[in-house]
Amino acid sequence: MDRLFLDANVLFSAAYRPGAGLLRLWKLPGAVLCSSRYALEEARANLSTESQRSRLAELYAELELFESKGGVLPAGVSLPDKDAPILLAAVAARATYLITGDLRHFGPLFGKKIAGITILPPADYLRHSSSR
């Protein structure tokens, strides 16, 4: 069973418009979806309409939430201060995948396994899951 930790940009994109393609993540059989209050608040702050925030609340209800317990990033990993809590919360969630569209900060880690977590953009994970 995959444990998917969803970054704020994934939550934002899923809630942004009805019928968003990323809603497929919520329909995957055997996947547990996780995130953090930190990611949720970042997504909420960037949504501009009440209907978007309402969709986010509906999606949030199906997530297991975890928080980073402080700590230090794994050796060899460098992230901006605003992104470190995402990876640390994914570790706390015992995620198998960190799903993020953040190419700028997480892009160099795409496809790599960090602290047991494979970091992928949503489209790559969806392709990967449909090929099993």
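A few notes on this one:
- Yes/no for GLY107 being assigned to a loop (DSSP other than H, G, I, E, B), over 15 Å from SER13 (Cβ atoms) and among the small types (Gly, Ala, Ser): no
- For region 113-132, the set of residues classified as under 20 Å from LEU103 (Cβ atoms) and modelled with pLDDT under 90 consists of HIS128 only.
- Of the criteria (1) modelled with pLDDT of 95 or more; (2) within 15 Å of LEU6 (Cβ to Cβ), which one PHE110 fails: (2)
- Cβ-Cβ contacts under 6 Å between residues 6 or more apart (or on different chains), taken from a first residue in region 95-106 that is on the phi < 0 side of the Ramachandran plot and in contact (Cβ under 8 Å) with a residue 12 or more places away in the chain to a second residue that is hydroxyl-bearing (Ser, Thr, Tyr) and assigned to a strand (DSSP E or B), are listed as TYR97/THR118.
- Per-region count, region 13-32, residues under 15 Å from PRO122 (Cα atoms) and not hydrophobic (A, V, I, L, M, F, W, C): 4
- Residue, surrounded by the fewest Cβ atoms within 10 Å (Cβ to Cβ), within region 115-132, restricted to residues that are more than 18 Å from ALA8 (Cβ to Cβ) and touching a residue at least 40 places away in the same chain (Cβ under 8 Å): ALA115
- In region 34-49 there is at least one residue matching the filter, namely being of a type outside the set (Phe, Trp, Tyr) and under 19 Å from HIS128 (Cα atoms).
- Residues of region 96-114 classified as out of contact with any Ser or Thr (no Cβ under 9 Å at 6 or more places or on another chain), closer than 17 Å to SER35 by Cβ and aliphatic (A, V, I, L, M), total: 1
The values are calculated or read from the model by the stated rules, or taken from the named source; none is laboratory data. Note that the structure is predicted; figures quoted are calculated from it, not measured. With ideal geometry, Cβ positions are generated from the backbone for all residues, glycine too; neighbour counts draw on all protein chains shown.
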